[in-house]
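Remarks on the structure that follows.
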Amino acid sequence: MPLLSDPPPWNAEAPGEAPQAVGQSVLGNAINLYGAREGNLLLMGGIHGDESESIFLAHLLLASGCKVPLLPCANPDGALLRQRWNRNNVDLNRNLPSKDWKPEPLNPRYPPGPAPASEPETRAFLAALERVKPSTVISLHSFKKSFVEIERPPQALPTRINDAVREFVDAADIERKLSIGYPTPGALGSYGLENGLLILTYELRRGSSHGELQELVAPLMKLLDELEAQRFDPQDIPAE
Ligand SMILES: [Zn+2]
């Protein structure tokens, strides 16, 4: 298995087809999309640069032959600078063009940028969405406690998706949450609700070892297969 940190993960050569750059960071680093093709699922790591567990897991998936369209490192400058934000000190997960985007940060830790999609990394992610046209996006993060957040209740999702998520959270011994408990304007969750996308925010445990991340690969690949096999459509769910 190649060393994941040498060369830098966002430029590492993964087995299979070469990645396509969907954009560049503020510092000119390529933002690479692996498995670039239309599909039901898009996977993203490293939108917060200091959450390196998410970048490493994305590369472990690639090294394991994952073919799902994947942006392993959505914020390469943040990864280089070991910071949550991009080089302009914008929280990219508050910079999406959702209707609830606000210019004032709700918390100094979450600066939303001067305008929606003002940042080149946000536009690169939107270009990846345009290229893949997914119905489901999984965004990998890390936090002191691991969990999966889906801002749609189980009754708003098809049984097959709920079952696949349940199987995964059981295997990883984590919780499924409906909300992280505070508003997140301009975040991917809001953007997904507005645009009919199913968004899974997967918080890995901060400080997970490569061995612990490797153990997640098999159950996660199973979840990816299920989510990729069917197109999520919010209209499909009958209103109660
Ligand atoms: Zn994060």
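Screening the candidates ALA74, ALA30, ALA79 for the property of being modelled with pLDDT under 95, within 14 Å of the ligand (Cβ to nearest atom) and hydrophobic (A, V, I, L, M, F, W, C) yields one hit, ALA79.
Restricting attention to segment 81-106, which residues are surrounded by fewer than 14 Cβ atoms within 10 Å (Cβ to Cβ), out of contact with any Gly (no Cβ under 8 Å at 6 or more places or on another chain) and either in contact (Cβ under 8 Å) with a residue 40 or more places away in the chain or not in a loop (DSSP other than H, G, I, E, B) (or both)?
So in segment 81-106, the residues surrounded by fewer than 14 Cβ atoms within 10 Å (Cβ to Cβ) come out as 82, 89, 99, 102-104.
If we keep only those that are out of contact with any Gly (no Cβ under 8 Å at 6 or more places or on another chain) as well, we get 89, 99, 103-104.
LYS99, the sole residue that qualifies.
Every test in (1) at pLDDT 95 or above; (2) more than 16 Å from the ligand (Cβ to nearest atom) is passed by ASP100 save one, and that test is (1). Answer yes or no as to whether SER209 is among the polar types (S, T, N, Q), closer than 23 Å to CYS66 by Cα and exposed (fewer than 14 other Cβ atoms within 10 Å of the Cβ). Answer is yes for this residue. Remark: pairs (first residue in segment 226-240, modelled with pLDDT under 90; second residue surrounded by 11 or more Cβ atoms within 10 Å (Cβ to Cβ) and of a type in the set (A, V, I, L, M); Cβ separation under 6 Å; 6+ apart in sequence or on different chains) = ILE237/ALA156. Of the residues contained in segment 145-155, one or more are found to be among the aliphatic types (A, V, I, L, M), out of contact with any His (no Cβ under 7 Å at 6 or more places or on another chain) and modelled with pLDDT of 95 or more. Tell me, yes or no, whether segment 115-124 has at least one residue that is among the basic types (Lys, Arg) and within 16 Å of the ligand (Cβ to nearest atom). Within segment 115-124, none of the residues are among the basic types (Lys, Arg) and within 16 Å of the ligand (Cβ to nearest atom). Of all residues in segment 37-51, those satisfying the criterion of being surrounded by fewer than 24 Cβ atoms within 10 Å (Cβ to Cβ) and either within 11 Å of GLN83 (Cα to Cα) or near the ligand (Cβ under 9 Å from one of its atoms) (or both) are ASP50, GLU51.
Does segment 203-215 hold any residues that are within 16 Å of the ligand (Cβ to nearest atom) and either farther than 15 Å from HIS141 by Cα or touching a helix residue (DSSP H, G or I) at 6+ places or on another chain (Cβ under 8 Å) (or both), and which are they?
First, pick out the residues of segment 203-215 that are within 16 Å of the ligand (Cβ to nearest atom): 203-208, 213.
If the condition is that a residue be within 16 Å of the ligand (Cβ to nearest atom) and either farther than 15 Å from HIS141 by Cα or touching a helix residue (DSSP H, G or I) at 6+ places or on another chain (Cβ under 8 Å) (or both), then LEU204, ARG205, ARG206, GLY207, SER208, LEU213 are the ones that fit.
The values are calculated or read from the model by the stated rules, or taken from the named source; none is laboratory data. Everything numeric here is computed off the predicted structure, so don't read it as measured data. Heads up, the Cβs are rebuilt from the backbone with ideal geometry, glycines too, and the neighbour counts pull from every protein chain shown.
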